[in-house]
Amino acid sequence: MPDKLTNSLRRRQRALIRTLPDLTAVLRGSLIERYKRCGKPGCRCAQGRGHGPKYYLSVSKPGQRPEMDYVPQKFLEKVQEHLDNFRKTKLILEELCEINRELLRRREKP
Ligand SMILES: [Zn+2]
């Protein structure tokens, strides 16, 4: 018979899984803001910081330069939401792994 703590760990697992975001709506990376000077003579941007902001999704990969994708304004909110979903998912997975490690230490099936 599993004891009380094991049962509560299992309950916590199920509760965590119910809070998982929609996994079809995740993105990893960060949003980067850029201002660009167009180079047209006399354009006001020559004095200021440039036109923008324009947004890019920057995704880092080990041993490589980050990949940048332009994010059109109308996708900005969705992209932010997806990035947020990924962060939440990561935290939930991290906690699930901790629980499974505890179960393993208790010689329960993780
Ligand atoms: Zn300009």
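The values are calculated or read from the model by the stated rules, or taken from the named source; none is laboratory data. If you're wondering where the values come from, they're calculated on a predicted model, not measured in any experiment. Here the Cβ is made from the backbone with ideal geometry for all residues, glycine too, and neighbour counts use every protein chain on show. Ligands, DNA and RNA are excluded from the accessible area calculation, which covers all protein heavy atoms including side chains. Shrake-Rupley method; radii C 1.70, N 1.55, O 1.52, S 1.80 Å.
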task: Test LEU83 against the stated conditions and say whether it is of a type in the set (A, V, I, L, M), within 15 Å of THR19 (Cβ to Cβ) and more than 16 Å from the ligand (Cβ to nearest atom).
output: no
- line: Across (1) touching a helix residue (DSSP H, G or I) at 6+ places or on another chain (Cβ under 6 Å); (2) in a loop (DSSP other than H, G, I, E, B), GLN13 clears everything bar (2)
- request: Please work out which residue is modelled with the lowest pLDDT, limiting yourself to region 1-55 and to residues that are small (Gly, Ala, Ser) and more than 17 Å from the chain's Cα centre (by Cα).
  value: GLY48
message: Which of the numbered conditions does GLU94 fail, given that it passes all the others? Conditions: (1) under 19 Å from SER8 (Cα atoms); (2) surrounded by 13 or more Cβ atoms within 10 Å (Cβ to Cβ); (3) within 19 Å of the chain's Cα centre (by Cα); (4) of a type outside the set (S, T, N, Q).
response: (2)
- prompt: For region 25-46, what are the residues that are of a type in the set (Ser, Thr, Tyr) and either loosely packed, with under 12 Cβ neighbours inside 10 Å or within 14 Å of the ligand (Cβ to nearest atom) (or both)?
  reply: TYR35
- line: Taking region 60-103 and keeping residues assigned to a helix (DSSP H, G or I) and touching a helix residue (DSSP H, G or I) at 6+ places or on another chain (Cβ under 7 Å) leaves ILE92, GLU95, LEU96, ILE99, GLU102, LEU103
message: All but one of (1) open to solvent by 50 Å² or more (accessible area, probe 1.4 Å); (2) over 27 Å from CYS97 (Cβ atoms) hold for TYR55; state the number of the condition that does not hold.
response: (1)
field: Test for THR19: is it in contact (Cβ under 8 Å) with a residue 60 or more places away in the chain, more than 16 Å from the ligand (Cβ to nearest atom) and exposed (fewer than 14 other Cβ atoms within 10 Å of the Cβ)
entry: yes
